[in-house]
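Novice: Here it is: the structure, laid out below.
The values are calculated or read from the model by the stated rules, or taken from the named source; none is laboratory data. Just so it is clear, the structure is predicted and the values come from calculations on it, not from any experiment. In this analysis, Cβ positions are derived from the backbone assuming ideal geometry, glycine residues included, and neighbour counts consider all displayed protein chains. Keep in mind that these areas ignore ligands, DNA and RNA; they rest on the heavy atoms of the full protein, side chains included. Shrake-Rupley method; radii C 1.70, N 1.55, O 1.52, S 1.80 Å.
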Amino acid sequence: MSMLNVTVDGQATQVAAGSAILDAANQLGIEIPTLCYLDMEKKFNQQAAACRICVVEVENRRNLAPACATPVMEGMIIKTDTERVHTARKIVVDLMLSDHPLDCLTCEQAGSCVLQDLCYQYGLEQTTFAGQRNDYPEDATNKFYSRNLNKCVACRRCVTVCSNFQNTKAIGFGDRGFNTHPVAPFDRGMDESTCVSCGNCVSVCPTGALLPKSKEKFRSWEISKTETTCSYCGVGCQMNLLTKGNKVVGVEPLNGAANDGLLCVKGKFGFNFINHPDRLTTPLVRKDGQLVEATWDEAYSLIADKVKATKAEFGSEALAGLSSARVTNEENYLFQKMVRAAFGTNSVDHCARL
Amino acid sequence: MAKINTIAELKKLREDLLGAAQAKAGKPLVNVSLATCSVASGGRDVLAAMQAEATALGLDVEFMQSGCMTVCFAEPTVEVTLPGKDPVTFGYLDAEKAKILVQKYIKDGELIDGVIPVGYERIVL
Amino acid sequence: MAEKKQLRIATRNSGFIDPENIDSYIAAGGYLGLAKCLGEMTPEAVIDLMKASGIRGRGGAGFPTGVKWGFAAKYASDTKYVVCNADEGDPGAFMDRAILEGDPHSVLEAMAIGAYAIGGNKGTIYIRAEYPMAIDRLKIAIEQAEAKGVIGKNIMGSDFSFDLDIKYGAGAFVCGEETALINSMEGNRGEPYTKPPFPAEAGYWDKPTIVNNVETLASIPAIIVKGAEWFNGIGTETSKGTKVFALAGKINNVGLIEVPMGITLQEVIMEVGGGVRNGKKFKAVQTGGPSGGALTYKDLDVKIDYESLVACQSMMGSGGMIVMDEDDCMVAIAKFFVEFTMEETCGKCTPCRIGSKRIYEALDKITMGQGSLEDIEKLKLLSVAIKDTALCGLGQTMPNPVLSTMRVFEDEYTAHVVDKKCPAGVCSDLLEFIVVDEKCVGCTLCARVCPVDCIGGKVKEVHVIDQAACIKCGACLDKCKFDAIIKQ
Amino acid sequence: MTNSINELIDSDVIFITGSNTTESHPVIGAKIRQAKKKGAKIIVAEPRKIDMVEDADVFLQITPGTNIALYNGIMSCIISEGLEAAEYIKERTENYDALVATVADFTPEVAAEICGIDAEDIKTAARMYAEGAKGAIVYCMGVTQHSSGTEGVMSLANLALLCGNIGIESGGINPLRGQNNVQGACDMGGLPGTYPGYQKVTEPAVKEKFEKAWGVELSDKVGLTLTEIVGKAGHGEIKVLYIMGENPMVSDPDLAHVEEALKNTEFLVVQDIFLTETAQLADVVLPAATFAEKNGTFSNTERRVQMVRKAIEPVGQCKPDWEILMDLLNKLGIEKTYASPEEIFTEISSVTPSYGGITYGRLEELGGLQWPCPTADHAGTKFLHSGKCARGLGLFKPAVFKPSAEVPCADFPLVMTTGRVLYHYHTRTMTGKVDGLNAMCPESFVEINPDAARKLSIVEGDKVRVSTRRGQVVVTAKVTPKLKENVIFMPFHFAVGAANTLTNPVLDPIAKIPEYKSCAAKLEKVAWDWSEETDQIK
């Protein structure tokens, strides 16, 4: 791959041809703010380049260039930290803020809202462009997430992920000009669209416009994140479990090798079973036909005694075990080890066939 | 419509067409501007009126329609070429004035009001 | 119009030939350009000729056409497209429509030439559906051209084939932007995407595509036939050939003109255009459409070419020229044009979507007398930022009406915010209708027409207008027979 | 999968058969659609007009149970038109002549007749698959869950070999594993005939290795399969049955029989996270931790081993399954203890060659590794059989079409098939506890073609009784043109209105997979009040 020489803020570097200015800056550890930029897009020229927060100065270019979607060229001289850039970015944030409610105190997204971060970065407590604001009714017709377009900054990430990656194409953009906003067909509720509730739009939304319908109230800074593998189908999607205290309160996709930032409805929203009140919490043993609570020791002894007795009386082939396609490799390993080594039989199977 | 199969045929066709036009040059040619704007301002009425008047007067006039003559301020406009004379463009017409145009200029060569001076040079290929 | 200031190249046939008869076009030298290309020139030679002619895109941006073709020729592809941009959207501009209605074959011929030059064989005309007559005549032209074999398979016995179709736009201004146009042609929402890659590399259906404006195309057969040097000899150093303008507004000779580049504004307005209507004083002319800018009475000596117009905060655009006289308020004019772009922006990028709204709101505030000097400063800052950050040409030029009017008429802005007056007497919120005591005879006519009954006074006594209640409708002014009511 | 999920995006042609990908493996469905966008051709062979059909260039709406006829028809067309990869066949395969002989009679016309489709469509599909330079086959339970399931898979392998698609990037045959760690459960020896890493229990050297590693004597006799275990439990031959994280009371065929069997088991231990239908029959129930409450690894459908990490403490007295199993092993005299799953994994790597080079350290660093990964410096295997097949030459194993064990008859005139819905997962142990998912799909149903419905006076939402030779259930009718007139479909997730009350327990003789995907059924409209008796009917 051919390499190109570029200079960013006075630092010379080499980047691969086909890289965007943003890549060159990142390579040098120079931070450029982004909002609409979707790192799922493998081709930079598919970026929406709509928010214009990542604009930078490029020598000999008339206007500012979006760093996320402008390919580097040989000898390009880029400046990311000039008065002109700073002013332009601040005005862009200011404009976004001018069509956005100032309800950060109660907004679920507070703390993980890109617009909020940008306002902080550029020192905007409130907009200097007071004017008309869009006013849309909230759409709560989807069972898993709600949509509040008043908080939408029209970055298009939701539409891009739905159309280019999930490929459900449930949403697009409606209206023009100041009223441009994401819509389900005919601007009806999400429930009347082809939406499959994968929630990938929710995951990529930079503001509080798309929020999971959560049972738990939490602020983003109360959350711990744990990288793990989804426990539903065999795709092996990588995701973060969001936990507050000892409760799983949300899921966000990761760029795993198999899922590349996507999840499905079950992976994204199907986590409430974990802390469900119906969970088994103690061992149960059957006494007089009824299952009653018992201690681990009781349960273990009962099983061990029965296994030993049966083995002694009927031989190992009277014992069998069904392992599980649901538990870990380590557990499957121990299970078959138990059946083979302790029960003494190879009668171990699981539901691979079902 | 016969297909043009070679470049030579195209050139030949052009010669033939120019010849045919030459042959028609013996009678008055009326070119009525009929673009959207001309039609909107009454160009079709003007054409109809002129055709009717020419028929009524028993004049042998060749009519053609063309597109925009670019003088919107004077629509409807008509360009009249009398045999042996330079074309003259008349503007600000209506059905009534069009009749007069036939009666006076086409029949008798007598200019009427509304002549649009030619303010351009035109490239001819 | 004593002198012949106009030179008709793009409009050479419009008004002279029968657009519904291909023979009429052929008699006027039609398809000779294509024949010359096919018979005597390699595709490279055609591109070289185009480059040498110096012709630049007439749709607005002024990109050299030959260079654009050269790019598209460079990329290897099984399919390449020639697209005719007939999505004329500037209010008051209609030169494309005139050409399509008066000389459709010249566009078809040029598209075939373009396809030959870039190594393509498909063409599409993207035309707004609001042009039914142009569409009809294009359809007839395509039908006849196919029947004659000047488009289609193996044109005039050569190896070159070229097919054409028509796609209809729904009248979105932004679809005149080439990437938005391509999106629209593909059935997507008509909004631009970021360049590069340019359409010449990956355009319509991701294939190399050249998008040329109607007027550009209409000039091309003439350039081919008459040669690069002939065309190159017309115009200025950087801007060659002629430009068609649509004169509109307060000018005597409303209509299309085609003038050589480099002509002065003075010549266009006063000579070709016949001067300002009703003997009023010329104040400014909006060029470049709603996102262009105003050239003013101070710019009368400016030579019209691409660079000079940009230097005046305006642009060539597609060629609309809207003339304003002393009765026009420049703030109101800027507001009018910004309102248009505000309505027409696709809403994709932040600066254009929200910025246009905020500019409009600020201008509206100023015209209502509620603005401050600070607002004017903010307006400037915002305008500059939008030009710097917007995604496409529409957004980048949208603040031009503000910046260009401020350039010369900042005093008018100041008058609106400081004196709360509209010097041109246009902004109704800043007007007062006043009875001139000396002239009023107390006829009561004004009081009787006043829709809000805010004029008091007895018969034969001087009347008085209650300013607090007046809605500035002007009915009293029109009614008064004694010129006793004035607005100021 | 022989290949990796993301390789699909660069395939030229993807043949999807027996997989409702967008509902069962939604993210892979999305990837296939990305491939479509990049220009891949899509062929879908399915009894139902599933969502993926929208993206299909060819849709072959076959009757359930006719897969092999279709594949043979496709191969016959490819061979007769000379579209096979002759060079590849010569160099990398054997037994080709047998394949040619077997499929010779199976012209597209013959196949079309059996499958209930148009012969021209078979030809189009055949050409499309053969002409794509990189052709991937994606399949799922729609292929395997038949009495001839193994032959169905072999038949697909024949097709892939025929066109040189094994051992190339973006090609291959790619079964989509239904459960998060079904791959791992197999890899780890959760099978009666193999130790971890598919090492045969009958192999003396293997047995010796494990005896040494575990310090006990082991059996060299292949054990019983799940269906056999359940069968023997019912007859009292299995006295102690230990079930971990499975719910055969919903998932197994012929549920009435399963229930009887489990009730007959003398001592039943169930280890699960909820009191499932199966756990309710147990003598001892052990509360296990969910995936969020423990560490470990899962192996996904593309053989990628990835980390599972503990996010919260186990609720109540729950324990991770590995802890429970370790405790029991200790109680049963296997003294070894493990401080963490990582220590177990180290033991796994030491006895499992294909996992030999995988460590927690590498997984943390790389995010995942695809086995085979025999050594610590091995980068893992993106696609299998590169250069040559694992066994040397790719073996053509021709398969002859056999009808399903049960075909429609006068009493049971319809073909019933089963499958998943997007909003549920297996026996709903987890998804049944999520309100939104339940709201999207609250109850069992049967899909029926509009013409068939009209003849039976059934309208959308009617309660209908579905019966087979095994039993009957009353469920809600969904009238949909997705199905052909003689086919009905039921989701298998529900315990109430359970599809598996009806399914045929007949097994594929080789893989012992029940024939879930095809049995003969009957449909009747029932009066509304029957709905209350659904449970009793079950």
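Novice: Within the range D:12-31, track down each residue that is within 11 Å of chain A (Cβ to nearest Cβ), among the charged types (D, E, K, R) and touching a residue at least 60 places away in the same chain (Cβ under 8 Å). Before you say what the answer is, go through the steps one by one.
Specialist: First pass over the range D:12-31, keeping only residues within 11 Å of chain A (Cβ to nearest Cβ): D:21-31.
Filter again for among the charged types (D, E, K, R), leaving D:23, D:31.
Hit for the range D:12-31 is D:Glu23, nothing else.
Novice: Regarding the range D:90-100, can at least one residue be identified that is open to solvent by 10 Å² or more (accessible area, probe 1.4 Å), assigned to a helix (DSSP H, G or I) and in contact with a Pro (Cβ under 9 Å, 6 or more places away or on another chain)?
Specialist: yes
Novice: Please state which one of C:Tyr75, C:Tyr25, C:Tyr81 is closer than 30 Å to C:Ser184 by Cβ, hydroxyl-bearing (Ser, Thr, Tyr) and within 14 Å of another protein chain (Cβ to nearest Cβ).
Specialist: On the way: C:Tyr75 fails: within 14 Å of another protein chain (Cβ to nearest Cβ); C:Tyr81 fails: within 14 Å of another protein chain (Cβ to nearest Cβ).
Going through C:Tyr75, C:Tyr25, C:Tyr81 in turn, the sole match is C:Tyr25.
Novice: Still on this structure, I have one more. If you check A:Gln47, A:Gln27, which single one turns out to be in contact with a Phe, Trp or Tyr (Cβ under 8 Å, 6 or more places away or on another chain) and of a type in the set (S, T, N, Q)?
Specialist: A:Gln47
Novice: Another question about this same structure. Examine the range B:107-117 for a residue that is more than 12 Å from chain C (Cβ to nearest Cβ), open to solvent by 30 Å² or more (accessible area, probe 1.4 Å) and part of a helix (DSSP H, G or I), and state whether such a residue exists.
Specialist: Yes, the range B:107-117 has at least one match.
Novice: I'd like the full set of residues that are among the β-branched types (Val, Ile, Thr), assigned to a strand (DSSP E or B) and surrounded by fewer than 24 Cβ atoms within 10 Å (Cβ to Cβ), limited to the range A:1-58. Show your work before the answer.
Specialist: Kept after step one, since they are among the β-branched types (Val, Ile, Thr), are these residues of the range A:1-58: A:6-8, A:13, A:15, A:21, A:30, A:32, A:34, A:53, A:55-56, A:58.
Okay, now just the ones that are also assigned to a strand (DSSP E or B), so A:6-8, A:13, A:15, A:55-56, A:58.
Those that are among the β-branched types (Val, Ile, Thr), assigned to a strand (DSSP E or B) and surrounded by fewer than 24 Cβ atoms within 10 Å (Cβ to Cβ): A:Thr7, A:Thr13, A:Val15, A:Val58.
Novice: If you don't mind, there's one more thing I want to ask. Kindly list the number of the only condition in (1) out of contact with any helix residue (DSSP H, G or I) (no Cβ under 6 Å at 6 or more places or on another chain); (2) under 18 Å from C:Pro260 (Cα atoms); (3) open to solvent by 30 Å² or more (accessible area, probe 1.4 Å) that fails for C:Ala52.
Specialist: Going through (1) out of contact with any helix residue (DSSP H, G or I) (no Cβ under 6 Å at 6 or more places or on another chain); (2) under 18 Å from C:Pro260 (Cα atoms); (3) open to solvent by 30 Å² or more (accessible area, probe 1.4 Å) one by one, C:Ala52 breaks only (1).
Novice: Among D:Thr301, D:Thr297, which is under 20 Å from A:Asn259 (Cβ atoms), part of a loop (DSSP other than H, G, I, E, B) and within 7 Å of chain A (Cβ to nearest Cβ)? Can you show your working first?
Specialist: Working: D:Thr297 fails: part of a loop (DSSP other than H, G, I, E, B).
When all the criteria are applied, what remains is D:Thr301.
Novice: Is it the case that C:Leu217 is within 20 Å of the chain's Cα centre (by Cα), outside any loop (DSSP other than H, G, I, E, B) and more than 14 Å from chain B (Cβ to nearest Cβ)?
Specialist: Taking the combined requirement at face value, the residue satisfies it.
Novice: Is the range C:166-183 home to any residue that is without any contact (Cβ under 8 Å) to a residue 60 or more places away in the chain, open to solvent by 10 Å² or more (accessible area, probe 1.4 Å) and closer than 14 Å to C:Gly123 by Cβ?
Specialist: So far as the range C:166-183 goes, yes, one or more of its residues are without any contact (Cβ under 8 Å) to a residue 60 or more places away in the chain, open to solvent by 10 Å² or more (accessible area, probe 1.4 Å) and closer than 14 Å to C:Gly123 by Cβ.
Novice: Just one of D:Val459, D:Val407, D:Val421 is open to solvent by 10 Å² or more (accessible area, probe 1.4 Å), outside any strand (DSSP E or B) and under 30 Å from D:Ala98 (Cα atoms); which is it?
Specialist: D:Val407
Novice: Go through C:Leu164, C:Leu138 for me and flag whichever is closer than 30 Å to C:Leu38 by Cα and away from chain B (no Cβ under 14 Å).
Specialist: Going through C:Leu164, C:Leu138 in turn, the sole match is C:Leu164.
Novice: Please tell me if D:Tyr198 is of a type in the set (Ser, Thr, Tyr), over 30 Å from A:Phe343 (Cβ atoms) and more than 8 Å from chain A (Cβ to nearest Cβ).
Specialist: Here the answer is no, as D:Tyr198 does not meet what is asked.
Novice: OK, next. Across the range A:49-65, which residue is nearest to C:Pro199 (Cα to Cα) among those that are facing chain C (nearest Cβ under 7 Å) and touching a residue at least 40 places away in the same chain (Cβ under 8 Å)?
Specialist: A:Ala50
Novice: Output the residues belonging to the range D:315-330 that are of a type outside the set (D, E, K, R) and surrounded by 21 or more Cβ atoms within 10 Å (Cβ to Cβ).
Specialist: Passing the criteria: D:Val315, D:Cys318, D:Pro320, D:Trp322, D:Ile324, D:Leu325, D:Met326, D:Leu328, D:Leu329.
Novice: Same structure again: Among the numbered conditions (1) of a type outside the set (A, V, I, L, M); (2) buried (at least 21 other Cβ atoms within 10 Å of the Cβ); (3) in a loop (DSSP other than H, G, I, E, B), tell me where C:Gly114 comes up short.
Specialist: Just one mismatch for C:Gly114, condition (3).
Novice: Every residue in the range C:389-420 that is modelled with pLDDT of 90 or more, of a type in the set (D, E, K, R) and open to solvent by 20 Å² or more (accessible area, probe 1.4 Å), please.
Specialist: Selection gives C:Glu410, C:Asp411, C:Asp419, C:Lys420.
Novice: Just checking: which of the helices (runs of 4 or more DSSP H) contained wholly in the range A:229-343 hold 3 or more residues that are more than 26 Å from the chain's Cα centre (by Cα) and more than 7 Å from chain D (Cβ to nearest Cβ)?
Specialist: Result: A:296-314.
Novice: Take the residues of the range D:425-443 that are part of a loop (DSSP other than H, G, I, E, B) and more than 8 Å from chain A (Cβ to nearest Cβ): which is nearest to D:Met249 (Cα to Cα)? Before the answer, list the steps.
Specialist: Taking the range D:425-443 as the starting set, the residues that turn out to be part of a loop (DSSP other than H, G, I, E, B) are D:425-430, D:434, D:441-443.
Cutting the leftovers down to more than 8 Å from chain A (Cβ to nearest Cβ) gives us D:426-428, D:441-443.
On the way: D:His426: 12, D:Thr427: 9, D:Arg428: 12, D:Cys441: 20, D:Pro442: 19, D:Glu443: 17 Å.
So the residue we want is D:Thr427.
Novice: I'm trying to understand the selection: among the residues of the range D:369-399, which are small (Gly, Ala, Ser), on the phi < 0 side of the Ramachandran plot and open to solvent by less than 40 Å² (accessible area, probe 1.4 Å)?
Specialist: Passing the criteria: D:Gly394, D:Ala399.
Novice: Applying the selection to the range D:185-224, what residues are charged (D, E, K, R) and either touching a Lys or Arg at 6+ places or on another chain (Cβ under 6 Å) or in contact (Cβ under 8 Å) with a residue 40 or more places away in the chain (or both)?
Specialist: Looking only at the range D:185-224, we keep the residues that are charged (D, E, K, R), and these are D:187, D:200, D:203, D:207-209, D:211-212, D:217, D:220-221.
The answer is D:Asp187, D:Lys209, D:Asp220.
Novice: Take the range D:152-185 and flag every residue that is open to solvent by less than 10 Å² (accessible area, probe 1.4 Å) and within 14 Å of another protein chain (Cβ to nearest Cβ).
Specialist: Of everything in the range D:152-185, those that are open to solvent by less than 10 Å² (accessible area, probe 1.4 Å) and within 14 Å of another protein chain (Cβ to nearest Cβ) turn out to be D:Gly152, D:Asn174, D:Leu176, D:Gly178, D:Gln179, D:Asn180, D:Asn181, D:Val182, D:Gly184, D:Ala185.
Novice: Would you be able to tell me the number of residues in the range A:70-114 that are part of a helix (DSSP H, G or I), away from chain C (no Cβ under 11 Å) and surrounded by 15 or more Cβ atoms within 10 Å (Cβ to Cβ)?
Specialist: So the count comes out to 1.
Novice: May I pose another question? Would you check if A:Val196 is surrounded by 19 or more Cβ atoms within 10 Å (Cβ to Cβ), within 11 Å of chain D (Cβ to nearest Cβ), within 30 Å of A:Val183 (Cα to Cα) and more than 15 Å from the chain's Cα centre (by Cα)?
Specialist: In short, yes.
Novice: Just give me the residues in the range D:233-292 being open to solvent by 10 Å² or more (accessible area, probe 1.4 Å), without any contact (Cβ under 8 Å) to a residue 24 or more places away in the chain and aliphatic (A, V, I, L, M), in sequence order.
Specialist: If the condition is that a residue be open to solvent by 10 Å² or more (accessible area, probe 1.4 Å), without any contact (Cβ under 8 Å) to a residue 24 or more places away in the chain and aliphatic (A, V, I, L, M), then D:Leu275 is the only one that fits.
Novice: Same structure, new question: Name every residue in the range C:117-139 that is part of a helix (DSSP H, G or I) and open to solvent by less than 10 Å² (accessible area, probe 1.4 Å), in order of residue number.
Specialist: C:Ala117, C:Ile118, C:Ala134, C:Arg137, C:Leu138
Novice: Every residue in the range D:109-143 that is assigned to a helix (DSSP H, G or I) and buried (at least 24 other Cβ atoms within 10 Å of the Cβ), please.
Specialist: Restricting attention to the range D:109-143, the residues satisfying the condition of being assigned to a helix (DSSP H, G or I) are D:109-115, D:119-131, D:141-143.
Within the range D:109-143, D:Ala111, D:Cys115, D:Ile122, D:Ala125, D:Ala126, D:Tyr129, D:Ala130, D:Met141, D:Gly142, D:Val143 meet the criteria.
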